[in-house]
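Accompanying notes for the structure given below.
The values are calculated or read from the model by the stated rules, or taken from the named source; none is laboratory data. Source: prediction; values computed, not measured. Methodologically, a virtual Cβ is constructed for each residue, glycine included, from the backbone with ideal geometry; neighbour enumeration extends over all protein chains shown.
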Amino acid sequence: NAGVTQTPKFQVLKTGQSMTLQCAQDMNHNSMYWYRQDPGMGLRLIYYSASEGTTDKGEVPNGYNVSRLNKREFSLRLESAAPSQTSVYFCASSETSGSQETQYFGPGTRLLVL
Amino acid sequence: QQQVKQSPQSLIVQKGGISIINCAYENTAFDYFPWYQQFPGKGPALLIAIRPDVSEKKEGRFTISFNKSAKQFSLHIMDSQPGDSATYFCAASRSGATNKLIFGTGTLLAVQP
């Protein structure tokens, strides 16, 4: 049981380049999320998917697109990277058990845009 | 607009001491308040969570205190240990919002031996 996995771990892009961040979970969770983490800003939700086939914007969606490929996989795409997108990106999936809702986070992708 | 305000930004505590981190929220519709712990180079992990029907929840050395009227909640770490050194995030969400968490800005805790 690997939990939430993310690839790649690190990436350096030039301004204007595109890339896709991959995320997969093996916990059979319906909901999946993409966050970015910046110093002093906490974690901010980019996009989320409540179930296979649905996606919705979060707090900071501009410059990103997502695809919920199937129940396991949720990818994040940067079509034209900008230096402002330099960040650490986390994917998460969630389950609800009783009154507790738990989000499980992947190890993150560190992205530098030059 | 910061919907969940967290303080302090950083905290240094001696081993065996009590660490206290505070959060305040604005949206009265929030009804779920988790705390996440993050070690360097790792993703956050759920530590403890509370709903507004109780004023306190304790799990081992970790306690959440919740004040609904003041719209504030806090994390207390008793007998702090060097292994507790991490970044702590409070968060809030409301039922029916697909677990959309609004996170605080984080507190970097250093427990000195």
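Among the residues of region A:17-67, how many are more than 13 Å from chain B (Cβ to nearest Cβ) and not acidic (Asp, Glu)? Before you say what the answer is, go through the steps one by one.
First, the residues of region A:17-67 that are more than 13 Å from chain B (Cβ to nearest Cβ): A:17-22, A:24, A:26-28, A:52-53, A:62-67.
Filter once more, keeping what is not acidic (Asp, Glu): A:17-22, A:24, A:27-28, A:53, A:62-67.
Number of matching residues: 16.
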Quiz item: Across region A:68-96, what is the total count of residues that are within 11 Å of chain B (Cβ to nearest Cβ) and more than 15 Å from A:Met32 (Cα to Cα)?
Solution: 1
Exercise. Please identify the pairs in which a residue from region B:57-80 that is among the aliphatic types (A, V, I, L, M) has its Cβ atom under 8 Å from the Cβ atom of a residue that is part of a loop (DSSP other than H, G, I, E, B), counting only partners at least 6 apart or on another chain.
Key: B:Ile77/B:Ile18; B:Ile77/B:Arg61; B:Met78/B:Ile18; B:Met78/B:Arg61
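State all residues of region B:37-50 that are at the interface with chain A (Cβ under 8 Å from one of its Cβ atoms) and in contact with a strand residue (DSSP E or B) (Cβ under 6 Å, 6 or more places away or on another chain); if no residue qualifies, say none.
Of everything in region B:37-50, those that are at the interface with chain A (Cβ under 8 Å from one of its Cβ atoms) and in contact with a strand residue (DSSP E or B) (Cβ under 6 Å, 6 or more places away or on another chain) turn out to be B:Gly43, B:Pro44, B:Ala45, B:Leu46, B:Ala49.
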Exercise. Name the strands (runs of 3 or more DSSP E) wholly inside region A:28-106 in which the number of residues that are under 13 Å from the mean Cα position of the chain (by Cα) and over 21 Å from B:Ser95 (Cβ atoms) is 2 or more.
Key: A:31-38, A:42-49, A:64-68, A:74-78, A:87-97
Quiz item: What number of residues in region B:72-101 are in contact with an Asp or Glu (Cβ under 8 Å, 6 or more places away or on another chain) and either more than 27 Å from A:Leu45 (Cβ to Cβ) or at pLDDT 95 or above (or both)?
Solution: 1
